[in-house]
1. Could you tell me which of the pairs 8/147; 94/124; 23/154; 23/124; 23/97; 23/87 are separated by over 32 angstrom between their Cα atoms in the structure shown?
2. Rounded to the nearest 10 Å², what accessible area does residue 28 have for a 1.4 Å probe in the complete protein model?
3. How large is the accessible surface of residue 16 in square angstrom, using a 1.4 angstrom probe and rounding to the nearest 10?
4. So what is Rg over Rh here for the chain, counting just Cα atoms and using Kirkwood for Rh?
5. Determine the relative contact order of the chain: mean sequence separation of Cα pairs under 8 Å and six or more apart, normalised by residue count, in whole percent.
6. Roughly speaking, to the nearest percent, how much of the stretch 47-198's 1.4 Å accessible area is carbon and sulfur?
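The values are calculated or read from the model by the stated rules, or taken from the named source; none is laboratory data. Just so you know, these numbers come straight off a predicted model, no measurement behind them. Areas reflect the complete protein model, heavy atoms only, side chains present, ligands, DNA and RNA absent. Shrake-Rupley method; radii C 1.70, N 1.55, O 1.52, S 1.80 Å.
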Amino acid sequence: MDKLNTSKCFKEYLNRYINLLEKYYPAHGSTGFTERNQSVNFASAVEAVYPDAFTWYEAPIGDRRNEHVDAVIFIPSIHGMVIIESKRFSNTGKKLKDTVADIMRISKRDNHLAVVAGLDQRYKSCLENVYGLVLADVWLETSTKNKIFNTWGKDFFEEFSGIFQPTEFVAKNAEWYKGGYDRLPKYKLLALKFECGD
């Protein structure tokens, strides 16, 4: 069974951002870039790598289906789906805590079942391989933001262990990606992928 080629998807994602930023600078003053662009551009990247993939944004989860994940990408050819939460590491303390909550929500089997509840029977095999993906961007303006970028990888959970202790299980199968755009050296894109087992 093929696994998600996250490396190839992240490269495509980064190239899409670079291509866009060469054509258009979407922030004026200090407005920043909205999180939604991360989800949309990563989904477009996955759909370029896997032509059979399809995406839904703000997919409902929770007991009453009144919560949402930023996006879910179904990839029938690998019997998998990717559940995405996106973050801007602006208010770093709050956003790091929110990231912990997102990882926990993405990891819950009940939420996986909620996501596929409306999925046509032909695609139910997408539940066989569930991947969690945290996308983030960060402007390297403060020491904490630089620390987030510099430790993004195996040292990240250790560096922020006071916040991330509840998610230690994720570190075992985590894949970390980061990159940027030369013309905006302080702007960085980050991704953390993990497998959601039973």
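1. 94/124; 23/154; 23/124; 23/97
2. We get 120 Å² for residue 28.
3. 80
4. 0.95
5. Here the relative contact order equals 19 percent.
6. 47
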